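Structure, as structure tokens:
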Amino acid sequence: MHISGVVIHARPGHIAQAYDQLSGVEGVEVHASDPDGKLIVTIEQVDEQNTVDAFERLNRLPDVLSATMVYHHFEPETDPIIQQRRI
């Protein structure tokens, strides 16, 4: 599991729209926002490529000015049944 922390800067006056757009991206959760247009989100994905794809999608959302990854953590899968299914 890949977990990333991201700071989003929304277009001025469009924080609600950015919030809705971010919430629509699979694996993305919005945790906080402020009136200046900053939102704190996490991305949870099963692998690195899905993480990159989700991050790039955030940057392409219409009401997002920028997305900056500030944290990334990889948690190896510990369940042997799940590991076998991926082989």
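Among the residues of this structure, Leu65 counts as one that is on the phi < 0 side of the Ramachandran plot, part of a strand (DSSP E or B) and over 13 Å from the mean Cα position of the chain (by Cα). Does Glu44 satisfy being in a strand (DSSP E or B), farther than 12 Å from Arg11 by Cα, in contact (Cβ under 8 Å) with a residue 24 or more places away in the chain and of a type in the set (D, E, K, R)? In short, yes.
Read the figures in this text as sums done on the coordinates, not as results from a lab. Small disclaimer: the values here were computed from a predicted structure and weren't measured. Note: ideal-geometry Cβ built from the backbone for every residue, glycine included; neighbour counts use all protein chains shown.
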